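To keep things clear, I will list the structure first and then write my remarks on it.
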Amino acid sequence: MPVIYHNLTLRPGKKETELLKLCERKLHAPVRYFRILKKSLDARDKSNIRWVYSVECSSRPEQPPARTYPRITRPAPKVFIAGAGPAGLFCALRLIRHGMEPVLLERGKPVEERAQDIENFFQTGVLAPDSNVQFGEGGAGTFSDGKLYTQTNSAFHREILETFVEFGAPEEIAYLGRPHIGSDKLRLVIANMRRYILEHGGAIRYSSKLDDVRIKDGALTAISVNSAWEEASLLVLAVGHSARDTFELLQNRGFHMEAKDFAVGVRIEHLQSRISRAQYGEGYAALPPADYKLVSHASERAVFTFCMCPGGVVIPAASEEGGVVVNGMSNFARDEKNANSALVVQVKKEDFGEGALAGVAFQRKIERAAYLAAGGGYLAPAQLVGDFLAKKESYYFGEVRPSYARGTAFAPVDAYLPPAVCASLRAAIPDMALRLAGFSSYEGVLTGVESRTSSPVRILRGENFEAEGISGVYPCGEGCGYAGGITSAAADGLRIAHAIASKFL
């Protein structure tokens, strides 16, 4: 049996082949099998920064056991999956491996065509409502950073990482403490997943929008796609957090839904070199671009950083005309000049008003306010951190130049975010700077509005994962309120696939 060694350390710059020598000394024999299980950077002591490893090794050749899946034993109907984001894709992959034939319904386009539409929007401001940063093959996470770390615990996490590697992601994501694929590489992985699904009995329909469902005696009987009805008894709702028209449809059809808490705010940008120096010290250039995660309770509302993109850019992420939305994106190399992160404030149901879709209305209101504050054209409102804290207008940029592709216009954060949110941000930024030097630097840039941190609604489901009171429909993933990011959404997709397949095993 292989032996596992924890807390093996290497100085930055040392080759990982040194780990083999360490293992051979411990085994007192040549290493014939070796696998890194975990790798993380310990930068708590800037004078003694180290890579810390857990490894598995043996003096005999070993073959890790192959993952197996039970095959269904009874005939099963088609499983329709609305949405080809991580929840939908992983649900489809798992169903295929159980011997079923899923049909993915994606309102947007294949990832290659989607990328062209997004670039066209960045350059011209012409928005394709169903093919943008929010909608299309791969989901919203495809045009972010491809972060795969999560605060949730799930038995599916190892399978998710191994699946990404199987379809072309860098092998290191299987063991890095904070893995990411990068938007550039993630697009290739998504295309490989598509080919596998199509070659193994699945189907994918692009530009195919779920626009109605038919429920009879508490069970799904049919769905409408692009206004054409077809029989259906199994439907996975893997819609994203921006599928506002789908939420309205489901509410009209009697689905039990509730508003949920989420967070809104801005993107904050600094020079990546300053963030790395603050985190690592003067030797930062020999290390990967540093990230951070900060939380402040300096006001009554929790304020936190979210979706931090080292060496990344702020991108236009609107999915509705007349509203400005920002997000962060990094490629695998994370080699852009700036670091950016969402800096957001918790907002609760009492902030929205009554109704399951009150959070959607709240999002729209601030997105449209941001659009107007910047003067239209999907320019984003920007303000220097120092001017925001001092409640002053901004007129110039300093060392940090905003990376938002559509361009920015100076406008105060107070013009589009509610007073309580702004007050919380003003309390949090200096407080966070106590833990990350330079975070409150005057010349940092705040770009708005960050409004799509998570779904503003939850579609209720029972213990069997079916929609409350409606059999055959499975709310799934981030859009339905059961995940927050690529990994947790993928895990929920696997969970739903297992629940469906179990009926036919």
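What the phi angles of region 173-186 give under the Karplus curve with 6.51, -1.76 and 1.60, with θ = phi - 60°, is a coupling list of 5, 6, 9, 5, x, 10, x, 8, 9, x, 4, 5, 6, 5 Hz, glycine and proline written as x. Exposure proxy shown here: for Ser341, Ser296, Ser394, the number of other Cβ atoms within 10 Å sets the order, fewest to most, as Ser394, Ser296, Ser341. Taking other C-beta atoms within 10 Å as the exposure proxy, Phe121, Phe332 rank Phe332, Phe121 from fewest upward.
Convex hull of alpha carbon positions in region 3-58: directionally averaged projected area 3.7 nm².
Near Cys476, once Lys and Arg are set to +1 and Asp and Glu to -1 for all other residues with Cβ below 13 Å from its Cβ, the sum equals +1.
I need Cys422, Cys91 ordered by Cβ neighbour count within 10 Å, fewest first. Walk me through the numbers before you get to the answer.
On the way: Cys422 20, Cys91 31.
If I rank by nearby Cβ atoms, fewest first, I get Cys422, Cys91.
Counting only lysines at least 8 places from Lys209 when in the same chain, those with an alpha carbon closer than 20 Å to its own are Lys78, Lys109. D by Stokes-Einstein for the chain, Kirkwood Rh over Cα pairs, 37 °C, 0.692 mPa s: 137 µm²/s.
Please report, in whole Å³, the volume per residue of the convex hull around the C-alpha atoms of region 261-450. Let's see the in-between values first.
Working: hull volume 20.3 nm³, N = 190.
Enclosed volume per residue, from the Cα hull, is 107 Å³.
Sorting the segments 487-493, 25-31 by their residues' average number of neighbouring beta-carbon atoms within 10 angstrom, most packed first, yields 487-493, 25-31. Length available on full extension from Asp42 to Val3: 0.36 nm per residue minus the Cα-Cα distance, which gives 11.7 nm.
Its convex hull of Cα atoms gives region 20-166 a direction-averaged projected area, equal to a quarter of the hull surface, of 14.6 nm². Positive contributions from Lys and Arg (+1) and negative ones from Asp and Glu (-1), summed over other residues with Cβ under 14 Å from the Cβ of Pro289, come out at +1. Taking amide H positions as modeled 1.01 Å from N, with prolines and chain starts lacking one, the residues under 5 Å from Ala409 and 5 or more places away or on another chain are Ala380, Ala382.
Each value in this text was obtained by applying a stated rule to the coordinates, not by laboratory testing. This is a predicted model, so every value here is computed, not measured. Note that each Cβ is placed from the backbone with ideal geometry, even for glycine, and that neighbours are counted across all protein chains shown.
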